[in-house]
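These notes are about the structure you will find just below.
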Amino acid sequence: MKGDVFGEVFRPLTCFLALLLTGAALPVFAQNPDRPIRAIGDFSNMRYTEEHAYGYAVELWRDGDSAIGLFLVSEGLQGDTPAGMLENVKFDSRTGALSFTAKLTTGLAVLPGGRQEPSRDLFEFSGALKATVLTGTLKRSDLRRPSRPGSRERVQLKIQPQAAMLPAGSYAEWKRQAGEILKRRGPKW
């Protein structure tokens, strides 16, 4: 019985120390939401016709030594471009190396029996950010249809000098504004 009490009390502490000593990433819970952020830029390869838009855009902000942002995908009629939050971001400001994932819903997936549900599009980017261009490899998969092979393509997204980015000066303000966009155009999963 004494061993059980010891394990209940010290097992969580032991796990925490093991993570700390191995250098595993831990979530930071005490960040200041009023910390300043600054826009890096809107990088895009969007192509437009009279009514349609095609391509990708990455809107990036600097948050201390890391980056935050939104990923947008257009594949048809202009307006209400599907958007997703950049997640699992790794950014090396010294070399420009950037990688992230983003969850989006870009349309409907037709499932067995003809049932349609919002797609679960997962995008994975790995590349480099230079002053005016973001280049790399973009992998796409639909998690509703795991048996279908995903796609992979090289992308080059150029900075848009007249971009209308969210006018946020703090992380809290950016998060609120990004949340409003994602309520309407974000992933449905």
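Structural remarks
- Members of the range 92-135 found to be of a type in the set (Ser, Thr, Tyr), within 25 Å of Thr81 (Cβ to Cβ) and in a loop (DSSP other than H, G, I, E, B), listed by number: Thr105, Thr106, Ser119, Thr132
- Of residues in the range 16-67 being under 25 Å from Arg140 (Cβ atoms) and acidic (Asp, Glu), the one modelled with the lowest pLDDT: Glu51
- When residues of the range 101-120 are limited to those that are under 25 Å from Phe91 (Cβ atoms) and in contact (Cβ under 8 Å) with a residue 60 or more places away in the chain, the one surrounded by the most Cβ atoms within 10 Å (Cβ to Cβ): Leu104
- Count of the range 37-52 residues which are surrounded by fewer than 19 Cβ atoms within 10 Å (Cβ to Cβ) and in contact with a Lys or Arg (Cβ under 9 Å, 6 or more places away or on another chain): 3
The values are calculated or read from the model by the stated rules, or taken from the named source; none is laboratory data. Every value quoted in this text rests on a predicted model; they were computed, and no experiment measured them. Neighbour counts are summed over all protein chains in view; Cβ atoms, including those assigned to glycine, are modelled from backbone coordinates with ideal geometry.
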